[in-house]
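K.L.:
Quick one: structure below, then a few questions.
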Amino acid sequence: GALAFSNNSKLLATGGGAPTQDGEVKVFDAATGAPAFEIKNGHSDTVYGVSFSPDDKVLATCGADKFVKTWEVPTGKLLKVFEGHTHHVLDVGWKGDGKLLASCSADLSIKVWDWEKGEQVRTIAMPMGSKQLTRLLFIGKKPECITVSGDDQIKVWNVDQGNNTRTFGAGGADFLYAVGVSPDGAVVAAGGDDGVVHLFKGDNGQLIKDLLPPGAAPAAAPAPKK
């Protein structure tokens, strides 16, 4: 499933739905939990990503039906459809100025879309042997987004130029499913299958610390030498 707060923190959007049957999008009042609006049959398959535009007037969604779609807030009216991915679209995000969207997919690509024109700007293809990109998040107002993937890679991309500017790994072979970044990009958090949250310096990818799941034993100290 997918979760996203609006930028003014007033709304919470959720995405999900039964595989191959329905793409469910529901939006709630964040303070009360009351339903605000829902988008019925917006996607024909599971919704994996939801993201509010910087001005909170548009909600972008993406899913297993290979589409990225945008909806008016709070009417739920369909605005634009972005087509081009060839596999499940796993996440979508907005550049800070609201002019571009970027989406990542199991087709091993990031696609950058022009919101006003409703068309594709560029495709950023992953190297051969890569695993799917599972999450995508823009860094503050920068033209940079950060992705995590099934091969333990955390990558930063410049969407204006289409190049990979930084890459760092979480030090394990686990699938990474979640990423967070501070507004200034100084701290990046990533987590995956093993339940560990890894904190990094955003500028150089240096590991700050690993946060273990509750109840997990810390790594065993090396045995003293005799």
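The values are calculated or read from the model by the stated rules, or taken from the named source; none is laboratory data. Because the structure is a prediction, the values reported are computed rather than measured. In this analysis, Cβ positions are derived from the backbone assuming ideal geometry, glycine residues included, and neighbour counts consider all displayed protein chains. These accessible areas exclude ligands, DNA and RNA; they are computed on the full protein's heavy atoms, side chains included. Shrake-Rupley method; radii C 1.70, N 1.55, O 1.52, S 1.80 Å.
K.L.:
What do you reckon, how do T134, T20 stack up by accessible area (1.4 Å probe), largest on top?
P.N.:
T20, T134
K.L.:
Using a Gaussian network model on the chain with a 10 Å cutoff between Cα atoms, which of Q132, Q120, Q161 fluctuates the most?
P.N.:
It is Q161.
K.L.:
Using Cα springs under 10 Å in a Gaussian network model of the chain, which residue among F200, F37, F52 shows the largest mean-square fluctuation?
P.N.:
Highest fluctuation of the listed residues: F37.
K.L.:
Which distance in nm do the two modelled labels at D97 and N7 give, with both placed 7 Å along the Cα-to-Cβ direction?
P.N.:
1.3
K.L.:
Still on this structure, please answer the following. Quick one: grab the alpha carbon gyration tensor of the range 1-123, order the square roots of its eigenvalues as a ≥ b ≥ c, and give me rounded if a/c is under 1.5, else prolate or oblate depending on whether a/b is larger than b/c.
P.N.:
Taking the square roots of the gyration eigenvalues as a ≥ b ≥ c, the range 1-123 is oblate.
K.L.:
Run the numbers for R122 and A189: contour at 0.36 nm per residue of separation, minus the present Cα-Cα distance, in nm.
P.N.:
Value of the extension gain: 21.4 nm.
K.L.:
How much length, in nm to one decimal, is gained on full extension between L212 and F175, taken as 0.36 nm per residue of separation minus their Cα-Cα distance?
P.N.:
Extending this stretch completely gives an extra 11.7 nm.
K.L.:
Mind telling me which of G33, G17, G169 comes out most flexible in a GNM of the chain, alpha-carbon contacts under 10 Å?
P.N.:
The residue with the greatest mean-square fluctuation here is G33.
K.L.:
How do 202-209, 84-91 rank on mean C-beta neighbours within 10 Å, highest first?
P.N.:
Top to bottom by mean Cβ count within 10 Å: 84-91, 202-209.
K.L.:
Same structure again: What order, most packed first, do the peptides 40-49, 58-67 have when packing is the mean number of other Cβ atoms within 10 Å of each residue?
P.N.:
Result, highest mean first: 58-67, 40-49.
K.L.:
To the nearest 10 square angstrom, how much accessible area does E72 have with a 1.4 angstrom probe?
P.N.:
60
K.L.:
For the chain, which whole-number percentage of the solvent-accessible area (1.4 Å probe, protein heavy atoms only) is attributable to carbon and sulfur atoms?
P.N.:
For the chain, the apolar C and S fraction of the accessible surface comes to 54 percent.
K.L.:
How large is the accessible surface per residue of the chain, computed with a 1.4 Å probe and reported in Å² as a whole number?
P.N.:
50
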